[in-house]
1. Give me Rg/Rg_expected for region B:233-325, where Rg uses Cα atoms only and Rg_expected = 2.2 N^0.38 Å with N residues.
2. Is there a simple number for the mean count of other chain Cβ atoms within 10 Å of the Cβ of residues in B:219-230, and what is it?
3. Averaged over its residues, how many other protein chain Cβ atoms are within 10 Å of peptide A:289-295's Cβ atoms?
4. Measure off 7 Å from each Cα along the Cα-to-Cβ vector at A:LEU234 and B:GLN318, then give the distance between these two points in nanometres to one decimal.
5. Take the alpha carbon atoms of region B:197-273, find their center, do the same for region A:175-196, and report the distance between the two centers in whole angstrom.
6. Just by accessible area at a 1.4 angstrom probe, what is the order of B:ASP221, A:ASP146 from largest to smallest?
7. Which net charge results when you count Lys and Arg as +1 and Asp and Glu as -1 among the other residues whose beta-carbon is under 14 Å from that of A:GLY180?
8. Within 10 Å of each Cβ in peptide B:310-317, how many partner chain Cβ atoms are there on average? Round it to a whole number, please.
Protein chains: 2
Amino acid sequence: MIKTRLTDKFNLKAPIISAPMALAAGGRLASAVGRAGGLGLIGGGYGDASWIDAEFAEAGNAAVGCGFITWKLREHPEVLDQVIARAPQAIFLSFGSVAPYVEVIHAAGIPVIAQVQTIQDARIAVEAGADVIVAQGAEAGGHGEDRATFTLVPEIGNWLANNAPDVLLVAAGGVADGRGLAAALMLGADGVLVGSRFWASEESLVHPNMVEAAIAATGDDTIRSSVMDVARKLKWPERYTARVLKNAFTDQWHGNLDGLIAHSEVEAVRWREAWEAGDVHVANTFVGEAAGLINNRPPAAEILTEMARDGEALLRGQNASWRFE
Amino acid sequence: MIKTRLTDKFNLKAPIISAPMALAAGGRLASAVGRAGGLGLIGGGYGDASWIDAEFAEAGNAAVGCGFITWKLREHPEVLDQVIARAPQAIFLSFGSVAPYVEVIHAAGIPVIAQVQTIQDARIAVEAGADVIVAQGAEAGGHGEDRATFTLVPEIGNWLANNAPDVLLVAAGGVADGRGLAAALMLGADGVLVGSRFWASEESLVHPNMVEAAIAATGDDTIRSSVMDVARKLKWPERYTARVLKNAFTDQWHGNLDGLIAHSEVEAVRWREAWEAGDVHVANTFVGEAAGLINNRPPAAEILTEMARDGEALLRGQNASWRFE
């Protein structure tokens, strides 16, 4: 088994966290990952209290954590207390400063995982008291920014080594198999956060048409855009775009945001109805560049076990592209 | 020493290629890399015949290869013959289909290295007869596209395994130290192509102010843009942008390309004069996100030797973030 500071801290069998993907990562996925030996996170997302309650109930006795969209949490601060009362393994915050929340989470003895997209925000999160930094690259599905996993992880790693050596580092964005796990560890991470690969698991709350579209896609078929958030009337800060599969909707409106805003009443309804119906030509499939590495929808436990097994083999130099002389 | 199919093919001491960076990688850099045991490529770039002649002369007896901007080569096909006559170790082509050039290069017994930015172009290059595919991620400095190294390398690796197992795979974009080398090998690459790190070497043809600006920068400080090409009146196909350090020029014109075109006569002169003078506030510093991992300007041989040594240590599990239990 691969052991790291992350497996030590959370008592895991593999240094793998499932991303708290809003609308996709419910209690069933998080608990399946937890039971298989990873850290499973419920996607608290936009802070719907009754949804979060139901998903924690779905997770049952399995240990899980929970993630939030930080800027949205400001509008629903009471949801944080609700989740703290569940004694989750960790609380994960992304897309905004963790500073207002660290004290209350730590007071309950719960670790804070801060996902960041830049070296600047990594420094801010560490100074605010985060216990684990997730460095999220632009290849990730869903919301994020422009820096790549391959450079963001070692750059933050250098900074942590010099300034906060006890803070753990996790790589996110593009990790979908044992190769990605092993590569992330080589870059200096203590583990990985996996979105798209678990998004396409049996337990995720994703419409089958969307998983099928991702399986059929290559990594070339994704785009970072804001048009889905405009269509959904979600007030995301401008710096965060979301990676989705390109489709007729992004073809029409990406690059014409003003046009979309002018037609927003009609387009919002059209997009939301398509989302409910699983119409992937209008509603967008939220998945990362790793779509090109995904060709099935297995149980989450199988994903985790294979990733850990294949990653360990590579780290041991088996099935490797190199040799020593 | 780390050995791979790449070291076997080109008789190298380390699976490291220096990128043929236009205007930065001359004969001095390429020959220094070659003498240190890597594959050094002269940046034939835009196809200036007398410049290329002078740089091959500078390389002297050292074995080197040469790279071209493929779409530009169409305007100067005679330069390809000129370089073939030098019997280079390899000819590297990027940014356009290699199909028109493979036959004449192979007829001279020279391997073709095709750099691609998408899985689609990888397939096209292999079908055209490329011997080595360089998968270039968006984190790279200079020209490129949007896909990330972390997903592009394994996705192309999967395709090659099933369709062209004898074609070699090299990772480019974000590789600046032993961690990057080791991670690229984990992702399935046979080696790495290194740009920014060699760009900031003693032997590169880069104005000292620009290297200093890159050393002072973090990886957050770069941007992909087309404004430099508009300013330089280079007719790059729209799909290719270039990664540079953000400065007053990109602040002013990125996002207002029409405005720049309207002011192009004045701005072109201003940018070019600043480039000559090393004024990094107006002319842009061409460097990748790896700027955040670069803090000195050592000799190229030292860069190569350290990268190979540190990468090998990691592959052997030394200084590692993981352990086995």
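1. Output field value: 1.63.
2. On the way: counts 9, 11, 3, 3, 1, 1, 0, 0, 0, 0, 0, 0.
Average neighbour count from other chains, rounded to a whole number: 2.
3. On the way: counts 10, 5, 2, 10, 5, 0, 1.
Across the residues of A:289-295, the mean count of other-chain Cβ atoms within 10 Å is 5.
4. 4.7 nm
5. 32 Å
6. So the residues, ranked largest to smallest area, are A:ASP146, B:ASP221.
7. -4
8. The per-residue average across the peptide is 3.
The values are calculated or read from the model by the stated rules, or taken from the named source; none is laboratory data. Keep in mind it's a predicted model, so treat the numbers as computed, not measured. Note that each Cβ is placed from the backbone with ideal geometry, even for glycine, and that neighbours are counted across all protein chains shown. These area figures cover heavy atoms from the full protein model, side chains too; ligands, DNA and RNA do not enter into them. Shrake-Rupley method; radii C 1.70, N 1.55, O 1.52, S 1.80 Å.
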